[in-house]
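Here the structure comes first, spelled out in structure tokens, and everything after it is commentary.
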Amino acid sequence: MKYLKKDVGLASLIILNGVFLLLCPILKITDFNVLLIGTFLLISGVYLVRFLINMKNNFYLMALNGLVSLGMIFALILTEASSNPKMLAICLMFWIMFMALIKLKNADIFHDKKNKLWLIDIIFMILFIIIGILTCINFLYSNETSILIFGYFIFIVGTFDLITIIINYLTKGRVK
């Protein structure tokens, strides 16, 4: 309960960012490069703050999530990926791959503790990969469409994160 409100609030920021991205074409905000970098800056900040909050629990995977998202920012800037849909899809696929590996490590930790929560992590990881691949395929359309698709993806990522936090809290991490 000590960290629940903070974790839920931080995961909700990712969901709100997804909602904002969905509203951007309506609000005539179509600078995809700024939206991409801002989104990954927010995601990296959320994960790094969650790591700092939960540092006593020795949960280093949040720090890895934050560092991978920071790396995505540098990849977007160095490759100018927002102007090249294929490069953007490649960069996003690398981010998805690294995030999926971190989710797999988290599932492995639960499995080693003989905790059934590893099944939930595996299911969310598989869904994350499938939705990520579908997102990357659809970057060949206009800026507005790409922003909407990316917004749905970020909304789903935040929702998965929030559901995982709530399940961990409700089960107190002790599902055998």
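Points worth noting:
- Calculated FRET value between residue 12 and residue 74, using beta carbons and R₀ = 30 Å, to 0.05: 0.70
- Residue among 136, 76, 107 farthest towards the positive dipole end of the chain, charges placed on Cβ: 107
- Pairwise label distance in nanometres, residue 19 with residue 111, each label 7 Å out on the Cα-Cβ vector: 3.6 nm
- Put a plus charge on the Cβ of each Lys and Arg, a minus charge on the Cβ of each Asp and Glu, and nothing anywhere else: the dipole of the chain about its Cα centre is then about 920 debye.
- Stretchable slack from residue 29 to residue 129, in nm (0.36 nm times residue separation minus alpha-carbon distance): 33.2 nm
- At q = 0.11 Å⁻¹, base-10 log of I(q)/I(0) for region 4-171 (Debye sum, equal scatterers on each alpha carbon): -0.43
- Scattering curve values for region 9-71, log₁₀ I(q)/I(0), Debye with Cα scatterers, q = 0.22, 0.26 Å⁻¹: -0.86, -1.04
- Label-to-label distance, nm, for residues given as residue 169 and residue 143 (7 Å Cα→Cβ offset): 3.9 nm
- Cα lying deepest toward the dipole's positive end in the chain, options 92, 17, 55, charges on Cβ: 55
- Calculated SAXS-style log₁₀ I(q)/I(0) at q = 0.22 Å⁻¹ - region 103-176, Debye, Cα scatterers: -0.91
- Expected 222 nm ellipticity per residue - DSSP helices of 4 or more, -39500 (n - 2.57), all of the chain, to 500: -27500 deg cm²/dmol
Read-outs throughout are calculated quantities, based only on the coordinates presented, and are distinct from any laboratory measurement. Predicted, not measured: the structure shown is a model, and the values here were computed from it. Virtual Cβ from ideal backbone geometry, glycine too; neighbours counted across all protein chains shown.
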